[in-house]
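The values are calculated or read from the model by the stated rules, or taken from the named source; none is laboratory data. Computed from a prediction, not measured in an experiment: that's the story for all the values here. Cβ placement follows ideal geometry from the backbone for every residue including glycine, while neighbour counts extend to all protein chains displayed. Note: accessible area is taken over every heavy atom of the protein model, side chains too, but ligands, DNA and RNA are not part of it. Shrake-Rupley method; radii C 1.70, N 1.55, O 1.52, S 1.80 Å.
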Amino acid sequence: MGELFLVRHGQANSGATTEADYDRLSDLGHTQATLLGNWMRTHEAPFDLVLSGTMRRHRETADGMGYPPALFDERLNEMEYFALARDMQVHHDIDPPVTTEDFVTHMPQTLAAWEQATINGVEPFATFESRINDALAEAAKPGKRVLCVTSGGVISMVMRGALGLDTHQMAHILLPIFNSSLHRFRIRPEGTFLSAFNAIPHLDPPELSDHRTHF
C-alpha cells in the first residue's frame with residue numbers, strides 16, 4: 001500500500017484582488033508551515049518523494065516546512081478563481097464574493113457553472129480535473145510515500161475522485177479546508193482511498209486557536 005499526503009499551503013494574502021497579489025504567504029502562513037514541518041518530522045516517517053505545485057505560496061510553504069520538493073509540477077497548481085469570478089459576473093451577473101458568507105454561496109455556483117462550461121476561466125473544468133489526476137497518478141504508486149504541497153481546490157478535486165463527489169459536494173468539501181492542513185490517502189492498485197481529511201494536529205494546542213484559518 002502506498003500513501004499520498006496532500007498539504008494545503010499556509011495562509012496567503014487573503015486581502016488580494018488578483019491572483020498575483022494573493023500568491024504569497026502571510027506572516028501567519030509562514031508560521032503555520034513551520035509548525036506543520038516540525039510536527040511531521042516528529043510524527044511521520046520519511047517520504048519517498050516530495051513534490052509541489054509551482055505557485056509561490058506552494059514553494060514558500062514547502063520551504064517553511066523544511067521539506068524541499070524534488071519535483072515542481074504546474075499541473076498541481078490551483079484553479080484561477082479570480083478569473084472564474086470575473087466570468088460569473090460577465091456571463092451570469094453574479095458579483096464576486098466579498099464576505100465569507102458570500103464565498104460560501106459563490107463557490108458552489110461557480111464550480112457548477114464551470115463544469116457545465118457556461119464559464120471557462122483560464123482553462124476548462126475538465127482540463128483542471130485531468131491535469132491533477134494525471135500528475136498524481138504518475139507520482140503516487142503502491143508502496144511509495146508521497147508528500148505534495150498544493151492548494152485547496154486541488155485537494156477537493158482529489159477528494160472528488162476518491163469519493164465520487166459532484167461539484168456541489170466538492171465545493172462544500174473545499175470551503176472548510178484549513179490553511180496548512182494535512183490530507184491522507186491510501187494508494188492501492190484498485191484505487192485511491194481517503195484515510196484522513198483536513199487534519200491540523202500542529203495547531204491543536206489551545207493557545208494556537210488563532211492560527212487556524214481558512215482564508
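Here the extension length gained between residue 104 and residue 72 equals 8.4 nm, from 0.36 nm per residue of separation less the Cα-Cα distance. The charge dipole of the stretch 1-76, taken about the Cα centre with unit charges on the Cβ atoms of Lys, Arg (+1) and Asp, Glu (-1), comes to about 100 debye, rounded to the nearest 20.
Taking the C-alpha atoms only, the angle from helix 56-65 to the longest principal axis of the chain is near 20 degrees.
Counting only DSSP beta bridges whose two residues both lie in the chain, roughly 50 percent are antiparallel. Principal-axis analysis of the Cα atoms of the chain puts helix 81-92 at an angle of about 20° to the longest axis.
Expressed as a whole percent, the accessible area of the stretch 1-76 that falls on carbon and sulfur atoms is 49 (1.4 Å probe).
For the stretch 201-209, backbone phi angles converted through the Karplus equation (6.51, -1.76, 1.60; θ = phi - 60°) give residue-by-residue couplings of x, 6, 10, 5, x, x, 6, 9, 4 Hz, Gly and Pro being listed as x.
Please return the longest stretch of the chain lacking exposed loop sites, where GluC sites (Glu not before Pro) count only if DSSP places them in a loop and at most 15 other Cβ atoms lie within 10 Å. The reported range is 45-189. Please give me the summed charge of the neighbours of residue 105: other residues whose Cβ is under 15 Å from its Cβ, Lys and Arg +1, Asp and Glu -1. After counting each charged neighbour, the total is -4. Computed with a 1.4 Å probe over protein heavy atoms only, the accessible surface of the chain comes to 45 Å² per residue. Using C-alpha pairs below 8 Å separated by at least 6 residues, the relative contact order for the chain is 32 percent.
Restriction of the trypsin sites (Lys or Arg not before Pro) in the stretch 130-215 to DSSP coil positions whose beta-carbon has at most 15 other beta-carbons within 10 angstrom yields 144, 212.
Helix 27-43: angle to the longest alpha-carbon principal axis of the chain, degrees 0 to 90, nearest 10? On a 0 to 90 degree scale, this one is about 40.
Shape class of the stretch 1-76 from the Cα gyration tensor (axes a ≥ b ≥ c, square roots of the eigenvalues): oblate, since a/c reaches 1.5 or more and a/b does not exceed b/c. Each other residue within a Cβ distance under 12 Å of residue 22 adds +1 if Lys or Arg and -1 if Asp or Glu, for a net charge of -2.
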